[in-house]
Amino acid sequence: MSALDAARAALAAEHAAVYGYGVVGGRIGAERREEAAAAYEAHRARRDGLRRTVRDLGGEPVAAAAGYELPFPVPDAAAAGRLAAVLEDRVAGVYSDLVRAAEGPLRRDAAAALREAAVRAVRWRGTDVTFPGLAERV
């Protein structure tokens with residue numbers, strides 16, 4: 001996979017994460033609302049940065065979809081927390097691809113994004129995984 005393809009995939013995942021955190025924010029309890037808002041803003045910032053990265057690599061940034069299919073119904077705060085963990089796992093997966101495909105500063109940025117997503121996933125899930133970014137590929 002080229003760095004451009006991996007960056008496009010990461011951008012698409014960030015679009016989906018921003019959408020998903022909109023759902024999380026609407027269902028999460030008050031005690032975790034600030035955490036959800038911080039994650040939402042972090043994904044928006046990464047998304048905006050990836051738009052620039054894709055252009056810098058000579059590509060056209062992928063646009064956000066009008067809506068995204070959620071992996072399961074999210075009727076309450078508990079499901080919202082599970083959704084947040086899934087979103088972070090998915091984002092970590094695409095960033096692991098970008099780490100493999102990129103070099104230099106882009107690789108460092110992708111590794112930082114992977115680490116941040118893995119940490120957020122642990123906070124939402126309450127447990128960690130052995131290889132963040134790779135677990136969903138098994």
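The values are calculated or read from the model by the stated rules, or taken from the named source; none is laboratory data. Just so it is clear, the model here is predicted, and its values are computed rather than measured. We place every Cβ from the backbone using ideal geometry, glycine too, and count neighbours over all the protein chains shown. These area figures cover heavy atoms from the full protein model, side chains too; ligands, DNA and RNA do not enter into them. Shrake-Rupley method; radii C 1.70, N 1.55, O 1.52, S 1.80 Å.
Annotations for the structure displayed:
- Solvent exposure of the chain as accessible area per residue, Å², 1.4 Å probe: 53
- Legend: helices of the chain (whole DSSP H runs) are marked when their alpha-carbon atoms reach 20 angstrom or more along the helix axis and their mean Kyte-Doolittle hydropathy is at least 0.5; marked are 3-27, 77-101.
- Note on the chain: with neighbouring protein chains present and a 1.4 Å probe, carbon and sulfur make up 54 percent of its accessible heavy-atom surface.
- Qualifying GluC sites (Glu not before Pro) for the stretch 1-70 [loop in DSSP, other Cβ within 10 Å: at most 14]: Glu69
- Options (i) 42, 37, 28; (ii) 53, 25, 20; (iii) 42, 34, 25 - which one matches Cα extents along the principal axes in Å as calculated here: (iii)
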